[in-house]
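What follows is a short report on a single structure.
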Amino acid sequence: MMQLNARIPEGRVPDKWSNYKAGQRLVSPSNKRKLEIIVVGTGLAGASAAASLGEQGYRVKVFCFQDSPRRAHSIAAQGGINAAKNYSNEGDSIHRLFSDTLKGGDYRSREANVYRLAEVSNCIIDQCVAQGVPFAREYSGLLDTRSFGGAQVSRTFYARGQTGQQLLLAAYGALSRQIKEGTVTLYPRTEMMDLVLIDGKARGIITRNLITGQLEKHTAHAVVLATGGYGNVYYLSTNAMGSNGSALMQAYRKGALVANPCFVQIHPTCIPVHGDYQGKLTLMSESLRNDGRVWVPRSKEMAEQLRQGTIKPSAVKEEDRDYFLERRYPAYGNLVPRDIASRAAKERCDAGYGVGHGGQAVYLDFSDSLRRLGKEVLMERYGNLFQMYRKIVNEDPLETPMMISPGIHYTMGGLWVDYELMTTIPGLYAIGEVNFSDHGANRLGASALMQGLADGYFILPYTIQNYLAGEVTAGVIADTLPEFEKALKSVQDRILRFEEKKGKHPVTFFHRELGKIMWDKAGMSRNAKGLKNALDEIKNLKESFYREVTVPGQAGEMNPELQKALQLEDFFELAELIVTDALTREESCGSHFREEYQKEDGEARRDDEHYMHVACWKYEGEAQPPSLIKEPLTFEYIKVKERDYKN
Amino acid sequence: MAAGATTMSFTLKIWRQENSHARGRFVTYKVTGISPDCSFLEMLDILNEQLVDKFEKPVCVDHDCREGICGMCGLYINGRPHGNDDGVTTCQLYMRQFKDGQTIVVEPWRAKAFPVVRDLVVDRSAFDKIIQAGGYISVSTGGVPDGNAILIPKKTAEEAMDVASCIGCGACVAACKNASAMLFVAAKVSHLALLPQGRPEAKRRVKNMVAEMDRLGFGNCTNTGACEAECPKGIKMTAIARLNREFIKSALFPE
């Protein structure tokens, strides 16, 4: 069986990154010019990596499916970015950010990686300020911070409710500068279709031009995937419509491992679904829980009246409200981590106390803060979020409490990477959400931006040298090699199966069905019976998809339906991986809640004895079940505790 | 959708164009059973599913985040960029803004610098080229001072944020009778000119960005204010005034 080596450096946990940097191999400036690097994706991780690598002098090719790199989905991150600056003088430190992140992830992430993340977090803020990110400021001119779930300190830096936008535009600026300098070549409206290996090393990719449909071959000495998460397996998610899991699956089919795919984050504060035609969920930032209080009515009768609209939420008296997060988790209150908040809301809704359409929502109420802080302060903090809500729901959240319900948001699982962020394929790296390494079974709020930029600015540009130092004599990789021709041919064949295919239903029909199966059986709450059923249902749905899908149009033109069909194929396979992983992990931890493994009070029952490992899945061929390889997790620096947000 | 709510019907006149060289034309479609809570893009999704069911090619339209921040979507709806609501992108436009039975004309952005790619999709890479000409602070990764070493008054940070919120959708260009990109350029120039970090390169930046804008075929600004009226992010023409001041400074007192 394959043995995994995460290549964690020697030394005490706080010294590992310094030790690594002291011992790694470097590439000289004249050699950097000889080396080509492909970066797929231009979100925070991809844009920051491509820019940083270009600055160092490598020849970089960067790809995105959007019309401009500025539109990658990092742009939609709202609330903020964490860093251990301790500007608020509340006792924050690298150690505290590190331990909060490990605890938030329910001790299912790698200690050395998480420590490094916390360690470089401060450099990110400095870098972004230097780039001109207009972070919120105090009257003194100093940087302001706010709090996010799972933390008892204020360590989240923000730019209104548009932090992701500002950080991405800064990285896009750095990338644009390199494009101008000629170190980076940009390929927009281009989708990766396959990964090409030569002698076992990642040597290039096959792409499809989304305007002309033309397939192209691109060579490189290393390939970096920064393609984001796979939340759209569930059809409805807060991900952008175009976010997909195809690059991840291409890597998987070429031998990279997929780690912990069942760790999928469900965000508690999405705008409730309003109709069958809906293709996307809208998130309301976690930062709102700084000043908003979550509640449902105390009586079922009142819940029914609220659902019917016969009484208004503002008419519900204080003593008739159940602030269930404050009640259950007094130490963290409304700022418990996302998995905990989502499950607590589901518990109330399942028990009949939910409000809104179908009783699936709870209230997020700003009336206390409105009295305490006034409208102006609230608008300054959350103005754009309130506006978004008003446009969608047609209600003013300062007059009527917001209605929110849980929705798929982020995938902690992803491609397995070692300490250097390299997958099991030499020369193939995975950064940002597409890798698995830092968030364990649940990610804390404002840490996705931190990880994306940590990987792209401060980790990959160091670690990739250790590999590329061995490639300086490789010379130019020729795209006429048989491996490239073979990959191109297989992509062509794959596409032809869908070209002008007349069936019964559009792609979206099947995607929506897949989403229902996944949400019901592999969503917030899972059990063995449901998961086994899900595997059968996915298989049947996949068969009817191949039989009955309709895809009009040709391959040699702009054809979004064709692209969606190709992506859905990969989503089917990813869904099977998620379910298989969820079935195999017979414990509850973080976002993964197995009904069989809970305590009397409904809290998760973790099983460190049997499941303190990363579950890595290896492709064994078409129609073959994947094999499981475990990377044991050891904690030398921190004491593993029960995850408790009550005390 | 609330139980018992009525549904709506619309006649759509949509611009169809095979590719950038082909001749385009309006094609009329009917959609029925649309919820007032349905967004404009969801309504187009419904139309497209119907077209696919009939084995016809769906209408190509750019969209991605569907929450008004990526800037990917942008349709010219009944003569207004992003339609008949203020402060929204096309994805944030809801059918409750329309009358039942209304005819809705849907076009792509029309501008020389934004050629049509297909149907409602246009090529906005000219915006990327303008940014590449200098829409950034030339700082490489690493070796920067502590974030709090640079003090920025709260008011300045807020003003910078107001203009930095530009999403690059191109509504300002589509709204302008001259297809000018002044508001887009002004937003980036102002964002960076307001902040102390952006000052050292301010002259170079404004000169290069304006030159690139002109080179790419965007029109001149004649202060009609259509851009401000249609900007989904509420970016004001005062940014254009600042751009002009920065530009004049760079011309009168060159480096």
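It is to be established whether one or more residues within the stretch B:162-175 are facing another protein chain (nearest Cβ under 7 Å) and in contact (Cβ under 8 Å) with a residue 40 or more places away in the chain.
Looking for residues that are facing another protein chain (nearest Cβ under 7 Å) and in contact (Cβ under 8 Å) with a residue 40 or more places away in the chain, one finds at least one in the stretch B:162-175, hence yes.
Using beta carbons and a limit of 8 Å, which pairs, at least six apart or on different chains, have the first residue in the stretch B:105-116 and within 16 Å of B:Phe127 (Cβ to Cβ) and the second one of a type in the set (D, E, K, R) and buried (at least 23 other Cβ atoms within 10 Å of the Cβ)?
Sorted first by the residue in the stretch B:105-116, then by its partner, the pairs are B:Pro108/B:Asp119; B:Trp109/B:Arg124; B:Phe114/B:Arg124.
Can you tell me which residue in the stretch A:502-530 is nearest to the chain's Cα centre (by Cα), limited to those that are touching a residue at least 60 places away in the same chain (Cβ under 8 Å) and within 26 Å of A:Asn209 (Cβ to Cβ)?
The qualifying residue nearest to the chain's Cα centre (by Cα) is A:His511.
I need the full set of residues from the stretch A:483-527 which are outside any helix (DSSP H, G or I) and either touching a Cys at 6+ places or on another chain (Cβ under 9 Å) or of a type outside the set (D, E, K, R) (or both), in order please.
The answer is A:Phe498, A:Gly503, A:His505, A:Pro506, A:Gly523, A:Met524, A:Ser525, A:Arg526, A:Asn527.
Restricted to the stretch B:15-51, and to residues that are acidic (Asp, Glu) and crowded, with 20+ Cβ neighbours inside 10 Å, which residue is nearest to A:Ile392 (Cα to Cα)?
My answer is B:Glu42.
Exactly one condition in (1) more than 16 Å from the chain's Cα centre (by Cα); (2) not in a loop (DSSP other than H, G, I, E, B) is not met by A:Tyr410; state its number.
Failing condition for A:Tyr410: (1).
Those residues that are more than 8 Å from chain A (Cβ to nearest Cβ), among the basic types (Lys, Arg) and free of Cβ contacts under 8 Å to residues at least 60 places away in the same chain, I need them from the stretch B:16-70; list them, please.
Of everything in the stretch B:16-70, those that are more than 8 Å from chain A (Cβ to nearest Cβ), among the basic types (Lys, Arg) and free of Cβ contacts under 8 Å to residues at least 60 places away in the same chain turn out to be B:Arg23, B:Arg25, B:Lys30, B:Lys54.
Have a look at B:Gly74, B:Gly24 and point out the one that is in the same structural domain as B:Trp109 (by TED's automatic domain parsing), of a type in the set (Gly, Ala, Ser) and within 22 Å of A:Gln387 (Cα to Cα).
Residue meeting the stated conditions: B:Gly74.
Taking A:Leu562 and the conditions (1) surrounded by fewer than 22 Cβ atoms within 10 Å (Cβ to Cβ); (2) outside any strand (DSSP E or B); (3) touching an Asp or Glu at 6+ places or on another chain (Cβ under 9 Å), which numbered condition does it fall short on, given that it satisfies the others?
The single condition A:Leu562 does not satisfy is (1).
Every residue in the stretch B:225-253 that is surrounded by fewer than 17 Cβ atoms within 10 Å (Cβ to Cβ) and assigned to a helix (DSSP H, G or I), please.
Correct list: B:Ala229, B:Thr238, B:Ala241, B:Asn244, B:Arg245, B:Ile248, B:Lys249, B:Ala251, B:Leu252.
From the list B:Arg118, B:Arg124, B:Arg110, exactly one residue is more than 11 Å from every other protein chain (Cβ to nearest Cβ) and basic (Lys, Arg). Which is it?
Within the list B:Arg118, B:Arg124, B:Arg110, the selection yields B:Arg110.
Specify which of the listed residues (A:Gly621, A:Gly556) is touching a Gly at 6+ places or on another chain (Cβ under 9 Å), over 20 Å from A:Lys103 (Cα atoms) and surrounded by fewer than 17 Cβ atoms within 10 Å (Cβ to Cβ).
Step by step, each of A:Gly621, A:Gly556 is checked, and only A:Gly556 is touching a Gly at 6+ places or on another chain (Cβ under 9 Å), over 20 Å from A:Lys103 (Cα atoms) and surrounded by fewer than 17 Cβ atoms within 10 Å (Cβ to Cβ).
How many residues does the stretch A:66-92 contain that are away from chain B (no Cβ under 14 Å) and on the phi < 0 side of the Ramachandran plot?
2
Is it the case that B:Ala226 is small (Gly, Ala, Ser) and more than 27 Å from A:Leu385 (Cα to Cα)?
no
Working carefully through the options A:His439, A:His505, A:His409, find the one that is within 30 Å of A:Gln152 (Cα to Cα) and within 14 Å of chain B (Cβ to nearest Cβ).
Just one listed residue meets the conditions, A:His409.
Going by the conditions given, is B:Thr89 in the same structural domain as B:Ala211 (by TED's automatic domain parsing) and crowded, with 19+ Cβ neighbours inside 10 Å?
no
Is at least one residue of the stretch B:177-189 free of Cβ contacts under 8 Å to residues at least 60 places away in the same chain and surrounded by fewer than 21 Cβ atoms within 10 Å (Cβ to Cβ)?
The answer is yes, given that some residue of the stretch B:177-189 is free of Cβ contacts under 8 Å to residues at least 60 places away in the same chain and surrounded by fewer than 21 Cβ atoms within 10 Å (Cβ to Cβ).
Those residues that are facing chain A (nearest Cβ under 8 Å), touching a helix residue (DSSP H, G or I) at 6+ places or on another chain (Cβ under 9 Å) and not β-branched (Val, Ile, Thr), I need them from the stretch B:85-107; list them, please.
B:Asp85, B:Gly87, B:Gln92, B:Tyr94 - these are the residues of the stretch B:85-107 that are facing chain A (nearest Cβ under 8 Å), touching a helix residue (DSSP H, G or I) at 6+ places or on another chain (Cβ under 9 Å) and not β-branched (Val, Ile, Thr).
Scan the stretch A:418-461 residue by residue and report those that are aromatic (Phe, Trp, Tyr) and in contact with a strand residue (DSSP E or B) (Cβ under 8 Å, 6 or more places away or on another chain).
If the condition is that a residue be aromatic (Phe, Trp, Tyr) and in contact with a strand residue (DSSP E or B) (Cβ under 8 Å, 6 or more places away or on another chain), then A:Tyr429, A:Phe436 are the ones that fit.
Kindly indicate whether any position in the stretch A:162-176 is out of contact with any Lys or Arg (no Cβ under 8 Å at 6 or more places or on another chain), within 11 Å of chain B (Cβ to nearest Cβ), at pLDDT below 95 and crowded, with 24+ Cβ neighbours inside 10 Å.
Yes; the residues of the stretch A:162-176 include at least one that is out of contact with any Lys or Arg (no Cβ under 8 Å at 6 or more places or on another chain), within 11 Å of chain B (Cβ to nearest Cβ), at pLDDT below 95 and crowded, with 24+ Cβ neighbours inside 10 Å.
Out of B:Thr156, B:Thr222, I need the residue that is surrounded by fewer than 24 Cβ atoms within 10 Å (Cβ to Cβ), within 14 Å of chain A (Cβ to nearest Cβ) and among the hydroxyl-bearing types (Ser, Thr, Tyr). Which one?
Just a single option satisfies the conditions, and that option is B:Thr156.
Please find, among A:Ala247, A:Ala240, the residue that is part of a loop (DSSP other than H, G, I, E, B) and either small (Gly, Ala, Ser) or modelled with pLDDT of 95 or more (or both).
A:Ala240 is the lone residue from the list that is part of a loop (DSSP other than H, G, I, E, B) and either small (Gly, Ala, Ser) or modelled with pLDDT of 95 or more (or both).
Sort out which residues of the stretch A:592-618 are within 28 Å of A:Met2 (Cα to Cα) and either crowded, with 18+ Cβ neighbours inside 10 Å or under 24 Å from the mean Cα position of the chain (by Cα) (or both), and write them in order of number.
A:His592, A:Arg606, A:Tyr611, A:Met612, A:His613, A:Val614, A:Ala615, A:Cys616, A:Trp617, A:Lys618
Residues to consider are A:Ser121, A:Ser88, A:Ser99, A:Ser74; find the one that is outside any helix (DSSP H, G or I) and hydroxyl-bearing (Ser, Thr, Tyr).
A:Ser88
If the requirement is being surrounded by fewer than 21 Cβ atoms within 10 Å (Cβ to Cβ), free of Cβ contacts under 8 Å to residues at least 60 places away in the same chain, over 30 Å from B:Asp162 (Cβ atoms) and more than 8 Å from chain B (Cβ to nearest Cβ), which of these qualifies: A:Gly182, A:Gly213, A:Gly200?
That would be A:Gly182, the only listed residue that is surrounded by fewer than 21 Cβ atoms within 10 Å (Cβ to Cβ), free of Cβ contacts under 8 Å to residues at least 60 places away in the same chain, over 30 Å from B:Asp162 (Cβ atoms) and more than 8 Å from chain B (Cβ to nearest Cβ).
Taking the criterion of being within 7 Å of chain A (Cβ to nearest Cβ), under 18 Å from B:Cys221 (Cα atoms) and out of contact with any Leu (no Cβ under 8 Å at 6 or more places or on another chain), would at least one residue in the stretch B:142-153 satisfy it?
Taking every residue of the stretch B:142-153 in turn, none turns out to be within 7 Å of chain A (Cβ to nearest Cβ), under 18 Å from B:Cys221 (Cα atoms) and out of contact with any Leu (no Cβ under 8 Å at 6 or more places or on another chain).
For A:Ala45, indicate whether it is surrounded by 22 or more Cβ atoms within 10 Å (Cβ to Cβ), under 20 Å from A:Met412 (Cα atoms) and within 14 Å of chain B (Cβ to nearest Cβ).
yes
The values are calculated or read from the model by the stated rules, or taken from the named source; none is laboratory data. All figures in this text were calculated on a predicted structure; none of them were measured in a lab. Methodologically, a virtual Cβ is constructed for each residue, glycine included, from the backbone with ideal geometry; neighbour enumeration extends over all protein chains shown.
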